[in-house]
Structure formats: structure tokens, C-alpha cells
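Only one structure is covered here, and it is reproduced in the block below.
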Amino acid sequence: MSPNLSIKAIAFVHHVTFITAKFYQLSFLAETVQCNFANAKGTFSAAATYFLLFMKNVLEVKNLQTSHDLIALVSRLAIGIVLFPHGAQKLLGWWSGYGYGGTMHYFTHIVGIPYEIGFLVIMIEFFGPILLILGIGTRVVSAAIMVVMIGVIISVQHQYFFMDWFRNQQSEGMEFFLLMIGLCLVSILNGGGKFAATHFLKR
């Protein structure tokens, strides 16, 4: 391993360790905040608050610059390719989805979140992946997706860790959303990476 690569690896481990510690610190803070999580507005407001505090600590760790490496490329493509079908289900009804009307009915009448938040979730999950695949506004889009994933965990998918593989749980688990949060964090830290449209637009 070359000296430069070793230095980068050590720096990366340092950043991950610091950020992980901050994440657990914020998780503990979440337990102490007086917020009625049964109320959807409170849930998503709390999620946004924790996220902003978390991002503040991230920005203190690293002077963020858009990278040109393959790691950033892989992370944004992974988010975009995996999440786009979910957004298309919600907005267009593709892949046996409910479409916009059915999804909004589910959000507002069953989950109980406000119409405006439901609209934002659908738009973020549909247009966000497209922008990530193209490499446009990677950090902002990844941050928005991360907020959505945190909100889903807090409001709906917080009872179980694993997905309902054996059909013996009352709901799905949070593992998918945690993975998405991790990928979003990589994209927030590294930017669009190689072949991002942002690089070409700046020329």
C-alpha cells in the first residue's frame, strides 16, 4: 500500500469514527427531547432537527470538496438505482405501485402525515435518484433523501431491525433505511465523484 493511500485510509477511518460517535450522541439526544412522536409533524420536525445537528458536526470534521473518485460515483449510483423504483411506484404507479393519488391517501390517512410532507417525500424519492444518477446537486439531494430515511425510521419503521423476511412481524424493519442513510452520508462527504454532471457544467 502506497504512503498516500495509507494516509487517506487512516483519515477515512478517523472521519467515520468521529461521525459515528456524533451519530450515537444525537441518537441519545433524540431520546431526551420531549416530542410526541405519534404526531407526524413532530416526528419529521425532530428528524430534520437531528439531521441538521448531525450535518453541523460533519461539516466540522471535513472541508467538503467534490471528489473525482470511484467511491463517490458508486455510492450515488447505488442510491439512485435502488431508490428510483420506489419513487416511481409512489408517483407514477410503476412496478405495481399505488401512484400519486394512492400514495398520498396512504400518507395522509393511514400514516397521518401532512399533505405537504407527503408531497415532498414523493418528489424527493422520484426526482432525487434521477439527479444522483446524473451527478447533479449530489450533496443536497443526498441530504434530502437522508432526512426522508430518518423520518421513516422514526415515524414508521422503528420496531424491528430486519425486514419481515419470514412474515412474522407487524411491520418491516429498518435495515434498508440504515443502509440508505450510510450511502447518503458517503455522498454528502464526497460529492458527486467521477463522471458527475456537475464537473462538466462548471467547465
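All of the numbers you see were taken from the coordinates with simple rules; none came from a lab. This structure is a prediction, so every number in the text was calculated from the model and none was measured. Cβ sites come from the backbone with ideal geometry, for glycine too, and all protein chains shown count toward neighbours.
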A careful count of residues in segment 166-181 that are without any contact (Cβ under 8 Å) to a residue 60 or more places away in the chain and surrounded by 14 or more Cβ atoms within 10 Å (Cβ to Cβ) gives 8
Screening 103, 108 for residues that are more than 24 Å from residue 188 (Cβ to Cβ), touching a Pro at 6+ places or on another chain (Cβ under 8 Å) and assigned to a helix (DSSP H, G or I) leaves only 108
Subject >> Qualifying residue in segment 113-123 (condition: among the acidic types (Asp, Glu), loosely packed, with under 15 Cβ neighbours inside 10 Å, within 29 Å of residue 70 (Cα to Cα) and out of contact with any Cys (no Cβ under 7 Å at 6 or more places or on another chain)) >> reply: no
Considering residues that are touching a residue at least 24 places away in the same chain (Cβ under 8 Å), surrounded by fewer than 19 Cβ atoms within 10 Å (Cβ to Cβ) and among the hydrophobic types (A, V, I, L, M, F, W, C), the number found within segment 125-142 is 5
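Name the residue that is surrounded by the fewest Cβ atoms within 10 Å (Cβ to Cβ), counting only residues in segment 78-92 that are touching a residue at least 40 places away in the same chain (Cβ under 8 Å) and in contact with a helix residue (DSSP H, G or I) (Cβ under 6 Å, 6 or more places away or on another chain).
The qualifying residue surrounded by the fewest Cβ atoms within 10 Å (Cβ to Cβ) is 78.
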Residue 141 meets each of (1) among the aliphatic types (A, V, I, L, M); (2) more than 30 Å from residue 68 (Cα to Cα); (3) part of a helix (DSSP H, G or I) with one exception, condition (2)
